1. Compute, for the chain, the length of the dipole vector about the Cα centre, with Cβ point charges of +1 (Lys, Arg) and -1 (Asp, Glu) only. Units Debye, rounded to 20.
2. I'd like the accessible area for SER21, computed on protein heavy atoms only with a 1.4 Å probe and all protein chains in place. Round to 10 Å², please.
3. How much net charge surrounds THR20 when only other residues with a Cβ under 12 Å from its Cβ are counted (Lys, Arg +1; Asp, Glu -1)?
4. Keeping every protein chain present and rolling a 1.4 Å probe, give me the accessible area per residue for the chain in Å².
5. Please return the longest range in the chain lying between exposed loop sites, taking GluC sites (Glu not before Pro), DSSP loop only, at most 13 other beta-carbon atoms within 10 Å, and leaving the sites out.
6. Charges on Cβ only, +1 for Lys and Arg, -1 for Asp and Glu, centred on the Cα centroid of the chain; of ALA72, VAL19, SER36, which one is farthest towards the dipole's positive end?
7. Once the piece of chain linking GLU61 and THR20 is laid out straight, how much longer is it, given 0.36 nm per residue of separation minus the C-alpha distance between them?
8. With the crude spin-label approximation of a point 7 Å out along Cα→Cβ, what separation in nm comes out for ALA41 versus SER27?
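The values are calculated or read from the model by the stated rules, or taken from the named source; none is laboratory data. Quick caveat: nothing in here was measured; it's all calculated off a predicted structure. When we count neighbours, we look across all protein chains shown, and the Cβ atoms used for this are built from the backbone with ideal geometry, even at glycine. Accessible surface is based on the protein model in full, side chains and every heavy atom, while ligands, DNA and RNA are left aside. Shrake-Rupley method; radii C 1.70, N 1.55, O 1.52, S 1.80 Å.
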Amino acid sequence: MDSIEDFLALVRDELGLPVTSADAEASFDEVEGWDSIHLLALATALERVTGRPLSLPEVLETTSLAGLYKLAVGG
């Protein structure tokens, strides 16, 4: 996963949500169709794709897709 666009493609593929780059900075509650189960499913997918474990407390503290992306890529 080399970019936020790759990450958003993962979100679309794994969760079936029609997210765009405009959704990246929006809070989770502003993303159409989002619910808390999506966060856990996406965290699991990110661990699989990146080969890196994610800290659940840090995942739960994220408030946007961009924040989760930064956490996953170590930024």
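1. Rounded to the nearest 20 debye, it is 280 debye.
2. 80
3. -3
4. 57
5. 33-75
6. The residue sitting most towards the positive pole is ALA72.
7. Taking GLU61 through THR20 to full extension adds about 12.6 nm, to one decimal.
8. According to this spin-label approximation, the distance is 2.3 nm.
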